[in-house]
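Chemist: Following this message is one structure expressed as structure tokens.
The values are calculated or read from the model by the stated rules, or taken from the named source; none is laboratory data. Quick caveat: nothing in here was measured; it's all calculated off a predicted structure. Reconstructed Cβ throughout: ideal geometry from the backbone, glycine too, with neighbour counts over all protein chains shown.
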Ligand SMILES: Cc1cc2nc3c(=O)[nH]c(=O)nc-3n(C[C@H](O)[C@H](O)[C@H](O)COP(=O)(O)OP(=O)(O)OC[C@H]3O[C@@H](n4cnc5c(N)ncnc54)[C@H](O)[C@@H]3O)c2cc1C
């Protein structure tokens, strides 16, 4: 896809930034499992933690296509940093920007956009993942606000975040209709990080279990209205799939980078290796078109649940497949940590699960197709 001059410039800027400031620590954070704290600081200094928010709220005022390009370029060199960037903007800040009151936006978006703190999104629980309506964390309404009790699992960046958007139910019997969303400041008494996951991949990203014990959330921190939380979380996830798609695209490109550099350095490639290179390059380009297409829909102000699900599903499967092909073509050397291939392979597997599994993406796509057919008679 041909990019505008501005988008090409932005890509060049991000590529240089990622290579100079992010790439040098990618291998170490994978080996140690240490959070990519320094990379977050570097992105904050450049304004990248607020790419899509208006300048008056501390953002860069850029579009979704620029955002997708940024996540792609960062994830290309370090997927742990890429997922941290994507989760911060799409899951931590987006619901507040889209559904918050003016006062909530003015309080939280500048902090998040300037990287004064990280934002996070707490939906998944031990018994509620794909079925988000099964949320068990309870919210009890009182004169002072809402008392939350419960727990969350697999929450990205929440161990370092100042703000977590939490889903809780006011009435479990109502299923999805009982779900309500709260902006939780992580220094609230009763909030705790119970444990950190020791993951297969994305080891430099922070994934934690949260516990809420009689945690009082002020009335002013309800996000949207009572009983509106399910819609807020689902719409957030639909948009979030553009950045998760971009994150997977970056990993797919990383797999292609390893393969092509290896073949370039090893002389004339065999016919079989040439075929693999061509197939991987073609799939990565197709993933790029889908991700950018979803971003263009968003920039045009259109809801694009199907295009976002296409982008996330396709790019995540291409990333996992491409990393496997690269390892197969290169051979055992690719399994050592001298090349990034094995890291990309492990990181990419998690792209097929977070923000909705591949099975769930297929269900969404089918639902959207049938809805369109019905609407068009
Ligand atoms: C790296 C990472 C980061 C994450 N970050 C966050 C975060 O920041 N915030 C957050 O809230 N969550 C986060 N998650 C959680 C993630 O969104 C869930 O893991 C995911 O939605 C799947 O839910 P589950 O783990 O409960 O699996 P389940 O829903 O139990 O699914 C298990 C299997 O069953 C399949 N399945 C489930 N339902 C259906 C169905 N109806 N039809 C067909 N197949 C089905 C799934 O596809 C999957 O293969 C993260 C996960 C990972 C891996």
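Chemist: Where in region 176-229 are there strands (runs of 3 or more DSSP E), lying fully within it, with 2 or more residues that are more than 14 Å from the ligand (Cβ to nearest atom) and over 20 Å from residue 93 (Cβ atoms)? Walk me through how you get there before you give the answer.
Modeler: Details: elements: 179-185, 191-196, 207-218.
Because the criterion is at least 2 residues that are more than 14 Å from the ligand (Cβ to nearest atom) and over 20 Å from residue 93 (Cβ atoms), the strands (runs of 3 or more DSSP E) in region 176-229 that meet it are 191-196, 207-218.
Chemist: Right, next: Do we have residue 75 as assigned by TED's automatic domain parsing to the domain that holds residue 22 and either surrounded by 24 or more Cβ atoms within 10 Å (Cβ to Cβ) or part of a loop (DSSP other than H, G, I, E, B) (or both) here? Let's see the steps before the verdict.
Modeler: Numbers: assigned by TED's automatic domain parsing to the domain that holds residue 22: yes; either surrounded by 24 or more Cβ atoms within 10 Å (Cβ to Cβ) or part of a loop (DSSP other than H, G, I, E, B) (or both): yes.
It is true that residue 75 is assigned by TED's automatic domain parsing to the domain that holds residue 22 and either surrounded by 24 or more Cβ atoms within 10 Å (Cβ to Cβ) or part of a loop (DSSP other than H, G, I, E, B) (or both).
Chemist: Only residues that are without any contact (Cβ under 8 Å) to a residue 24 or more places away in the chain and crowded, with 19+ Cβ neighbours inside 10 Å: list them for region 7-59, please.
Modeler: Within region 7-59, just 21 meets the criteria.
Chemist: Among 128, 133, which is within 9 Å of the ligand (Cβ to nearest atom) and touching a helix residue (DSSP H, G or I) at 6+ places or on another chain (Cβ under 7 Å)? Lay out the reasoning, then the answer.
Modeler: Values: 133 fails: within 9 Å of the ligand (Cβ to nearest atom).
Only one candidate passes the filter, namely 128.
Chemist: Across region 321-364, what is the number of residues that are assigned to a helix (DSSP H, G or I) and within 13 Å of the ligand (Cβ to nearest atom)? Can you show your working first?
Modeler: Taking region 321-364 and keeping what is assigned to a helix (DSSP H, G or I), we get 321-330, 332-335, 341-351, 358-364.
Keeping just the survivors that are within 13 Å of the ligand (Cβ to nearest atom) gives 346-351, 358-364.
Summing the residues that are assigned to a helix (DSSP H, G or I) and within 13 Å of the ligand (Cβ to nearest atom) in region 321-364 gives 13.
Chemist: I need the full set of residues from region 233-289 which are under 19 Å from residue 18 (Cβ atoms) and part of a loop (DSSP other than H, G, I, E, B), in order please.
Modeler: Correct list: empty.
Chemist: A further question on this structure: Which condition number in (1) free of Cβ contacts under 8 Å to residues at least 12 places away in the same chain; (2) within 13 Å of the ligand (Cβ to nearest atom); (3) surrounded by 14 or more Cβ atoms within 10 Å (Cβ to Cβ) is the one that residue 367 fails?
Modeler: In the conditions (1) free of Cβ contacts under 8 Å to residues at least 12 places away in the same chain; (2) within 13 Å of the ligand (Cβ to nearest atom); (3) surrounded by 14 or more Cβ atoms within 10 Å (Cβ to Cβ), residue 367 misses (3) alone.
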